[in-house]
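**Student:** Quick one: this structure, given as structure tokens, is what I'll be asking you about.
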Ligand SMILES: Nc1ncnc2c1ncn2[C@@H]1O[C@H](COP(=O)(O)OP(=O)(O)OP(=O)(O)O)[C@@H](O)[C@H]1O
Ligand SMILES: [Mg+2]
């Protein structure tokens with residue numbers, strides 16, 4: 001909606017994007033420019049299309065109308081190494097150890113036939129993976145399988161796995177939704193630290209408003225401005241608020257300091273999320 | 001306490017496990033003794049003495065005509081056919097299942113085909129196999145392959161579809177192409193399932209083996225059973241059946257141990 005950041009040369013340009021499934025319009029008329037290094041948090045009611053927007057950015061699905069440009073080029077039509085992703089669940093491979101989960105990302109692009117590296121290059125990859133795991137605080141669990149890790153450790157692993165690819169964009173779909181508040185705080189600190197270090201562009205869906213405001217440099221609020229009670233699928237969600245937060249301003253904002261119509265739907269639905 | 005909340009103690013569990021076997025055995029021995037007392041030439045329920053004499057004759061005495069130890073010859077022939085059939089079926093089922101379950105363009109033609117083929121009763125096409133592949137080893141192995149492959153393929157296709165799409169997406173963001181995605185993600189996830197499926201189809205595999213051996217063969221466990229049936233030689237048939245059961249159980253157990261050993265991360269490995 002807003003052009004606050006960057007002009008036509010913005011890192012990511014979303015141009016009049018619509019997404020519909022059959023006659024159900026999920027997203028309509030999305031327009032935005034995202035500068036490189038921005039940390040966008042996406043909030044909005046359940047089912048309003050936040051994950052759908054993330055899938056569009058990931059290239060897992062194509063917009064029904066409009067286009068998304070990355071660095072001026074149309075987005076690749078399938079997931080690739082330029083965009084990393086962390087889901088709420090099923091983000092790590094259950095059959096690989098912690099170390100192999102991260103080293104995999106170094107092996108796959110370099111071994112298009114075997115899918116694995118051998119000998120020296122394998123040792124190098126594992127060395128690099130170990131360093132990355134050290135950064136996220138998992139160096140004591142290298143040989144464990146994901147099922148042996150706690151939920152928070154699994155998400156740390158998923159983040160390490162995504163970051164080892166040095167993606168330009170990191171997409172997070174409610175990554176901490178299943179974690180308890182204490183662990184979530186640690187994860188916020190970790191994520192901010194990694195973001196400051198790498199300056200990558202982050203999109204993070206969250207149901208927790210204060211999480212959205214404390215982490216993001218920009219908050220995108222998805223909502224359906226129009227609702228036809230006779231045809232619930234006729235209108236889609238748009239970005240109704242696009243809030244830029246300056247570095248100094250990035251303090252937790254309570255939901256009640258938001259515009260009333262914005263805060264209303266969240267307070268009931270998401271305070272416990 | 002409700003029945004659903006009561007479970008046996010450790011020793012109790014063992015005793016309860018042995019109980020039905022002991023009961024069956026006692027029942028058999030009682031009836032066998034009773035019949036042999038009335039008619040010492042009765043063949044229907046031979047005593048353990050008669051059975052061990054038969055085993056002694058077949059397993060530890062060379063055959064008069066060929067000089068072979070028939071029991072072990074039969075066992076080797078049967079296991080070879082069974083092993084070959086299962087191995088071919090496993091590879092074919094895995095390839096078909098992975099292709100149909102992972103690649104939509106392959107699944108579109110393969111899935112309906114596999115579903116229909118798995119409905120063909122394998123024993124009904126046994127005559128065709130004999131006509132096409134002759135009466136030798138090949139037709140017996142093929143019966144197992146044809147009978148088992150569609151079941152394995154269907155199961156593995158289903159399991160491949162159940163791999164969370166998030167993992168397939170994730171692998172692509174880590175730089176996998178279709179081939180390495182199958183190699184590093186799909187195959188490792190399906191291997192333990194293949195072993196579990198093999199355990200489940202083991203019974204059918206033995207059924208097909210024995211049917212094929214009964215109809216056209218010159219050795220094998222199934223062949224022997226159907227051969228001595230003419231003389232009502234229950235003293236041979238019963239030990240053979242027990243031996244087949246033991247072999248099937250041992251294969252099941254080995255596959256289970258193998259699953260646990262190779263895929264410790266897999267939940268099915270625990271059960
Ligand atoms: N593949 C699909 N086919 C049809 N409808 C879909 C599909 N994917 C999503 N939808 C619909 O699109 C709408 C938005 O779904 P989406 O998952 O993006 O919502 P969300 O904002 O992420 O919700 P939540 O906060 O609960 O995760 C939902 O109404 C959903 O039913
Ligand atoms: Mg969602």
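What follows is calculated from the coordinates using simple rules that are stated; it is not laboratory data. Fair warning: this is a prediction, and the values are worked out from it, not measured in the lab. Every residue, glycine among them, receives a Cβ derived from its backbone with ideal geometry; neighbour counts consider all protein chains shown.
**Student:** Could you calculate the contour length gain from residue B:39 to residue B:245, that is, 0.36 nm times the residue separation minus the distance between their Cα atoms, to one decimal place in nm?
**Tutor:** The residue B:39-residue B:245 span can extend by a further 71.2 nm.
**Student:** Please arrange A:186, B:219 by counting, for each residue, the other beta carbons lying within 10 Å of its beta carbon, fewest first.
**Tutor:** A:186, B:219
**Student:** With r as the distance between the Cβ atoms of residue B:28 and residue A:166 and R0 = 60 Å, compute the FRET efficiency 1/(1 + (r/R0)^6) and round to 0.05.
**Tutor:** Numbers: r = 72 Å, r/R0 = 1.19.
Rounded to the nearest 0.05, the efficiency is 0.25.
**Student:** Right, next: Can you sort B:72, A:18 from fewest to most other Cβ atoms within 10 Å of each residue's own Cβ?
**Tutor:** Values: B:72 12, A:18 15.
Ordered from fewest to most neighbouring Cβ atoms within 10 Å, B:72, A:18 come out as B:72, A:18.
**Student:** Counting partner chain Cβ atoms within 10 Å of every residue's Cβ in B:174-187, what's the average? Kindly include the intermediate steps, with their values, before the conclusion.
**Tutor:** Details: counts 19, 13, 10, 5, 0, 4, 10, 2, 1, 6, 11, 6, 0, 2.
Mean inter-chain Cβ contacts per residue within 10 Å come to 6.
**Student:** Partner chain Cβ atoms within 10 Å, averaged over the residues of A:31-43 - can you pull that number for me? Don't skip to the answer; put the middle values down first.
**Tutor:** Working: counts 0, 0, 0, 0, 0, 0, 0, 0, 0, 0, 0, 0, 0.
The shielding value for this peptide is 0.
**Student:** To the nearest µm²/s, what D does Stokes-Einstein give for the range B:1-113 at 20 °C and 1.002 mPa s, using the Kirkwood radius over alpha carbon pairs as Rh? Walk me through the numbers before you get to the answer.
**Tutor:** Working: Rh = 20.2 Å.
It diffuses with D of about 106 µm²/s by this estimate.
**Student:** Starting from the Cα gyration tensor of the range B:79-184, take the square roots of the eigenvalues, sort them a ≥ b ≥ c, and report rounded, prolate or oblate (rounded when a/c is under 1.5, otherwise prolate if a/b is larger than b/c, else oblate).
**Tutor:** Values: a/c = 3.34, a/b = 2.26, b/c = 1.48.
It comes out prolate by the Cα gyration axes.
**Student:** Follow-up question, since we're still on this one. May I ask you to sort B:137, B:162, A:38 by Cβ crowding, counting other Cβ atoms within 10 Å and putting the fewest first?
**Tutor:** On the way: B:137 15, B:162 10, A:38 22.
Exposure proxy ranking, most exposed first: B:162, B:137, A:38.
**Student:** Counting helices only, and only those DSSP H runs with n ≥ 4, report the 222 nm mean residue ellipticity of chain A as the sum of -39,500 (n - 2.57) divided by its residues, in deg cm²/dmol to the nearest 500.
**Tutor:** Details: 7 runs with 85 residues, N = 273.
Dividing the helical sum by the residues of chain A leaves -9500 deg cm²/dmol.
**Student:** Using the alpha carbons of the range A:106-258, what is the convex hull volume per residue in cubic angstrom, as a whole number?
**Tutor:** Details: hull volume 27.0 nm³, N = 153.
Output value, Cα hull per residue: 177 Å³.
**Student:** Only helical DSSP H runs with n ≥ 4 go in: add -39500 (n - 2.57) per run for chain B, normalise by residue count and round the 222 nm mean residue ellipticity to 500 deg cm²/dmol.
**Tutor:** The per-residue figure over chain B is -25000 deg cm²/dmol.
**Student:** Additional query: At a temperature of 10 °C and a viscosity of 1.306 mPa s, determine how fast chain A diffuses translationally according to Stokes-Einstein, using the Kirkwood radius over alpha-carbon pairs as Rh; express D in µm²/s, rounded to the nearest whole number. Before the final figure, lay out the partial values.
**Tutor:** Details: Rh = 19.6 Å.
Translational D for this selection: 81 µm²/s.
**Student:** A further question on this structure: Find how many whole Å separate the alpha carbon centroid of the range A:88-152 from the alpha carbon centroid of the range B:239-259.
**Tutor:** 38
**Student:** Quick one: the Cα spread of the protein assembly as shown along its three principal axes, in angstroms, biggest first?
**Tutor:** Principal-axis extents of the Cα atoms in the protein assembly as shown, largest first: 102, 61, 60 Å.
**Student:** Sticking with this one: Other chains near A:104-115: what is the mean number of their Cβ atoms within 10 Å of each residue's Cβ? Walk me through the intermediate numbers first.
**Tutor:** Numbers: counts 8, 6, 2, 5, 12, 5, 1, 4, 5, 4, 4, 12.
For this peptide, the per-residue mean of nearby foreign Cβ atoms is 6.
**Student:** Relative to 2.2 N^0.38 Å, what does the C-alpha radius of gyration of the range B:58-269 come to as a ratio? Two decimals please.
**Tutor:** Numbers: Rg = 20.2 Å, N = 212, 2.2 N^0.38 = 16.8 Å.
Relative to the 2.2 N^0.38 Å estimate, the range B:58-269 comes out at 1.20.
**Student:** For the range A:13-148, evaluate the Debye formula with one uniform point scatterer on each Cα (no solvent term) and list log10 I(q)/I(0) at q = 0.11, 0.12, 0.19, 0.21 Å⁻¹, rounded to two decimals.
**Tutor:** -0.57, -0.66, -1.11, -1.21
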